[in-house]
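Novice: Sharing a structure, written as structure tokens. Questions coming.
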Amino acid sequence: MRIAYDVTPLSHPRTGVGNYVLGALRGMAEASAGADELVVFGPVSIRGRPLLQQALNGLPAERHLVTVPFAHATRRAWSRLGRPPAEWFVGGFDVLHFTDWMYPPQRSGVRVTMIHDLGPLRYPEKLHARTVRMHTANAEQARRCDVVFANAEFTARDVVETLGIPRERIRVAYPGVDRAFEPEGERHEAGRPYAFTTATADWRKNLETVRAAWRGLEEELALVALGDLGYVPHERLPALYRGAEVFVYPSRFEGFGIPVLEAMACGVPCVVSSHPSLDEAAGDAAVRADPDDAEAIAAAVREALSRREELVERGLVHARRFTWLETGRAHLQGYADAL
């Protein structure tokens, strides 16, 4: 197969979606072992081009990247105009896989996209209008795709119920865990024992409830929050996880919840939101708590500390089930079945 894959999210500092895109591409390259052609493409900004090049370093893929001064406007115009077809830029292909950043036109081949979650459609009042518009357009385009990938069964069910896409057109491709996330290695030092959370001020990520929970915990543990640190490069995250006594993930809604797996893979006991969107990420290896109940979160932290040895072992076993190789295999199989 010749697979044209939109990599425009990698032109921004990597978070969940970007990490998934890169992990899936690496997994496909490994699973294919040269039998399939990967072609990465997309219009990117002058500032974003170096980030994209760095992310793609070492990936065995043909590159068709166009640097433009107004990348977002270019992507939006290309999507809305419906011309020229993607074949003009990348040549012929069997599969076109686009992200939620744009939906380029194509003349032929299997049409594919990925839905990481439907939060912007479920909670539009909580998000920036531009984000809602972008995801609403992508959801509409997903209805016209031959294959729609979801990163969890929860998200797949949500896509069926919310968008009305038949379940047989949806493929679940779970995320993986980068090999850098392991128990051995550098540990962050905070001056005293600490809990780590990737929560931010974003409504879904729910840092305010964790802070409320910490009013009764601050004498026992410091709180190190990603929302207070600013953007942290992906390569610095393992040390932050490893140094923590416990990891807290209080999200109100997720597609999957990759940080939960990363923390478990680093050998850290986890306290995870009880929202059902986190069931697959947490498995039976975390203490669950109501994300809107500060007292419940505080109690869960104390429980996780008391069950540390058990939860660490469970977490390591659970996290090993998720690899980017399997993500890549799921993508290649989904493409092949649609041809």
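Condition check ((1) of a type outside the set (S, T, Y); (2) over 22 Å from D178 (Cβ atoms); (3) out of contact with any helix residue (DSSP H, G or I) (no Cβ under 6 Å at 6 or more places or on another chain); (4) surrounded by 15 or more Cβ atoms within 10 Å (Cβ to Cβ)) across all residues:
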{"position": "A29", "(1), (2), (3), (4)": "yes, no, yes, yes"}
{"position": "P50", "(1), (2), (3), (4)": "yes, no, yes, no"}
{"position": "Q53", "(1), (2), (3), (4)": "yes, no, yes, no"}
{"position": "A73", "(1), (2), (3), (4)": "yes, yes, yes, no"}
{"position": "W78", "(1), (2), (3), (4)": "yes, yes, yes, yes"}
{"position": "A86", "(1), (2), (3), (4)": "yes, yes, yes, yes"}
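Novice: Of all residues in the range 1-50, which are in contact with a Gly (Cβ under 9 Å, 6 or more places away or on another chain), within 16 Å of H64 (Cα to Cα) and of a type in the set (S, T, N, Q)?
Specialist: Once the filter is applied, which keeps residues that are in contact with a Gly (Cβ under 9 Å, 6 or more places away or on another chain), within 16 Å of H64 (Cα to Cα) and of a type in the set (S, T, N, Q), the range 1-50 yields T8, S11.
Novice: Give just the number: which of (1) in a helix (DSSP H, G or I); (2) surrounded by 16 or more Cβ atoms within 10 Å (Cβ to Cβ) does A285 not satisfy?
Specialist: (1)
Novice: Okay, moving on. Is at least one residue of the range 150-157 surrounded by fewer than 17 Cβ atoms within 10 Å (Cβ to Cβ) and either in the same structural domain as G27 (by TED's automatic domain parsing) or among the aromatic types (F, W, Y) (or both)?
Specialist: There is at least one residue in the range 150-157 that is surrounded by fewer than 17 Cβ atoms within 10 Å (Cβ to Cβ) and either in the same structural domain as G27 (by TED's automatic domain parsing) or among the aromatic types (F, W, Y) (or both).
Here is a yes/no grid of residues against (1) touching a residue at least 12 places away in the same chain (Cβ under 8 Å); (2) of a type in the set (D, E); (3) within 27 Å of V232 (Cβ to Cβ); (4) not assigned by TED's automatic domain parsing to the domain that holds A139:
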{"position": "S11", "(1), (2), (3), (4)": "yes, no, yes, no"}
{"position": "A24", "(1), (2), (3), (4)": "yes, no, yes, no"}
{"position": "A33", "(1), (2), (3), (4)": "no, no, no, no"}
{"position": "S45", "(1), (2), (3), (4)": "yes, no, yes, no"}
{"position": "A55", "(1), (2), (3), (4)": "yes, no, yes, no"}
{"position": "L59", "(1), (2), (3), (4)": "yes, no, yes, no"}
{"position": "V66", "(1), (2), (3), (4)": "yes, no, no, no"}
{"position": "P69", "(1), (2), (3), (4)": "yes, no, no, no"}
{"position": "S79", "(1), (2), (3), (4)": "yes, no, no, no"}
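Novice: Does V7 count as surrounded by 21 or more Cβ atoms within 10 Å (Cβ to Cβ), within 30 Å of A281 (Cβ to Cβ) and touching a helix residue (DSSP H, G or I) at 6+ places or on another chain (Cβ under 6 Å)?
Specialist: It is false that V7 is surrounded by 21 or more Cβ atoms within 10 Å (Cβ to Cβ), within 30 Å of A281 (Cβ to Cβ) and touching a helix residue (DSSP H, G or I) at 6+ places or on another chain (Cβ under 6 Å).
Novice: Go through the range 83-121 and give me each residue that's within 18 Å of the chain's Cα centre (by Cα), of a type outside the set (F, W, Y) and more than 20 Å from A336 (Cα to Cα).
Specialist: Listed by number, the residues that qualify are D100, M102, H116, D117, L118, G119, P120, L121.
Novice: Oh, and also: What number of residues within the range 1-56 satisfy the criterion of being within 18 Å of H72 (Cα to Cα) and of a type in the set (K, R)?
Specialist: 3
Novice: Scanning for something over 28 Å from I170 (Cβ atoms), part of a helix (DSSP H, G or I), charged (D, E, K, R) and not assigned by TED's automatic domain parsing to the domain that holds H97, does the range 239-255 turn up at least one residue?
Specialist: Within the range 239-255, one or more residues are over 28 Å from I170 (Cβ atoms), part of a helix (DSSP H, G or I), charged (D, E, K, R) and not assigned by TED's automatic domain parsing to the domain that holds H97.
Novice: Does R111 qualify as being basic (K, R), free of Cβ contacts under 8 Å to residues at least 12 places away in the same chain and surrounded by 14 or more Cβ atoms within 10 Å (Cβ to Cβ)?
Specialist: no
Novice: Collect the residues in the range 313-332 that are free of Cβ contacts under 8 Å to residues at least 60 places away in the same chain and part of a helix (DSSP H, G or I), keeping them in residue-number order.
Specialist: E313, R314, G315, V317, H318
Novice: Given the conditions (1) in the same structural domain as E262 (by TED's automatic domain parsing); (2) under 21 Å from E153 (Cα atoms); (3) buried (at least 22 other Cβ atoms within 10 Å of the Cβ), and given that A300 satisfies all but one, which numbered condition is not satisfied?
Specialist: (2)
The values are calculated or read from the model by the stated rules, or taken from the named source; none is laboratory data. Everything numeric here is computed off the predicted structure, so don't read it as measured data. FYI the Cβ positions are ideal-geometry reconstructions off the backbone, even for glycines, and counts take in every protein chain you see.
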